[in-house]
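Below is one structure, written out as C-alpha cells, with a few remarks after it.
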Amino acid sequence: MASVTEPGRESGTQALDRALSVLLAFRRDAPERKVSDVSRELGLHKSTASRLFRALADAGFLQRNEETGTYRLGVTVFDLGARFLAGLDMHAVARPLLRQLADEQGESVNLAIRDGLDAISIDLITGSHSLQLVSRLGRRIPLWCSAAGKALLIDLDDEQVRELLADARWTPLTPHTITDIDTFLADLAEVRRRGWALNDEESEEGLRVVAAPVRDRLGVVTASISVSGPIFRLTDDAQVAELAAAAVRTADELSRQLGYGVGDIWGS
C-alpha cells in the first residue's frame, strides 16, 4: 500500500489510503486498538486518526468499546467477508448444475462474472457434441459482444449502461459485432424483455451463444450462465429459444440455491 503521507495525491485517495491503513492495523495479535496507538504506528496526527476512527465506526467498519475507549473491527467487515465466502460458494454450488446442463444439451456451458468492461469465464464444462467452442478459464470478452456480458447487464437501466460503457472502444470482432451504444441499448432492451441474452456470431463467426443471469440472495446479478453451439446445430429461432430456456432454468436454480427468492428466511 502506498504511503499515507505520499505528496501529490488527491485528498480523496489519501483519505482512502489512510482509512485502509487503519483497518489493516487491526491484526490477529491486536484485535482491539487505541486511537493513540494506531495514530503513532501509522504516523498520523491524532486528530486525523480520530476522524478516521469515527467515520469507520459510523459505517460499521469499527466498533467502539465505550468502557475502555478502544476499537475493534465492526460488523460491516464481517459482512464483506461473508460476501466473499458466498462468492467462493457460488463456484462450488454451480459446478454440478453446469455439468448437468452440458450433459443434457451436449453443448459447452460457461459461468462468467463481470470484471470492468469484460465478461470473464470462471468455469467451463465442455459438451459432448463433436465440435465445441475452444475456450479457456479466465477468457475475457467485451460485455457488448457476449451473451454472458449482456446477461450480466440485464438489470441496469440505459443511463447506467451508457455511463458504464462511456470509455468502450467498440472494436468489432466479427462483421456482426455491435459497434455503437444505441444499437447495443436496443439489443439490451430485448434481453430484458426475454430474460435471456443472445450472441449471434458477434464475438466469433459461426458461433451462437445464449445466456441467463444468476442472482444472489439479495437479487443482485452476480454471474451469468451461457451455453454455446455452432450455427449449423442452432439453425433456427426455436432451437435457440429452447437452449435459452434450459440456460434460464439452470441459472434460476443456481440463484435459488444461492438464496434468491427466500425472502421469508432472510427477512428481506
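Tabulated results
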{"read-out": "Gaussian network model of the chain, springs between alpha carbon atoms under 10 Å - residue of Glu242, Glu104, Glu163 with greatest fluctuation", "value": "Glu163"}
{"read-out": "Proxy reagent accessibility, fewest Cβ within 10 Å first, across Val109, Val38", "value": "Val38, Val109"}
{"read-out": "Karplus 3J(HN,Hα) series, Hz, for the stretch 103-113 with 6.51 cos²θ - 1.76 cosθ + 1.60 (x for Gly, Pro)", "value": "5, 5, 9, x, 10, 6, 10, 10, 10, 10, 10"}
{"read-out": "Kirkwood-based shape ratio for the stretch 128-199, expressed as Rg/Rh from alpha carbons", "value": "1.00"}
{"read-out": "Between 0 and 90°, nearest 10: helix 181-194 axis offset from the chain longest Cα axis", "value": "80"}
{"read-out": "Cα shape, the stretch 79-263, gyration tensor, a/c 1.5 rule", "value": "oblate"}
{"read-out": "Cα gyration tensor shape for the stretch 175-249, rounded if a/c is under 1.5, else prolate or oblate", "value": "oblate"}
{"read-out": "Exposure proxy ranking, count of Cβ atoms within 10 Å, fewest first, for Phe53, Phe26, Phe232", "value": "Phe232, Phe26, Phe53"}
{"read-out": "Relative packing of 14-20, 96-102, 234-240, 28-34, which averages over residues the other C-beta atoms within 10 Å, highest first", "value": "96-102, 14-20, 234-240, 28-34"}
{"read-out": "Sum of -39500 (n - 2.57) over DSSP H runs of 4+, divided by residues of the chain (222 nm, nearest 500)", "value": "-14000 deg cm²/dmol"}
{"read-out": "Over the stretch 79-263, relative contact order from alpha-carbon pairs under 8 Å, at least 6 apart, %", "value": "22"}
{"read-out": "Lys/Arg +1, Asp/Glu -1 at C-beta; the chain dipole; positive extreme among Leu153, Thr177, Ala57", "value": "Ala57"}
{"read-out": "Degrees between helix 237-257 axis and first principal axis of the chain (Cα, 0 to 90, nearest 10)", "value": "30"}
{"read-out": "FRET efficiency, Arg40 to Thr70 (Cβ-Cβ, R0 22 Å, nearest 0.05)", "value": "0.90"}
{"read-out": "Under 12 Å, Cβ to Cβ, from Ala102 - net charge with Lys/Arg +1 and Asp/Glu -1", "value": "-2"}
{"read-out": "Val214 long-range amide H proximity, modeled H, under 5 Å", "value": "Thr222, Ala223, Ser224, Ile225"}
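No lab work stands behind these numbers, since they all come straight from the coordinates. Predicted model, so just to flag it, every value in this text is computed and none were measured. FYI the Cβ positions are ideal-geometry reconstructions off the backbone, even for glycines, and counts take in every protein chain you see.
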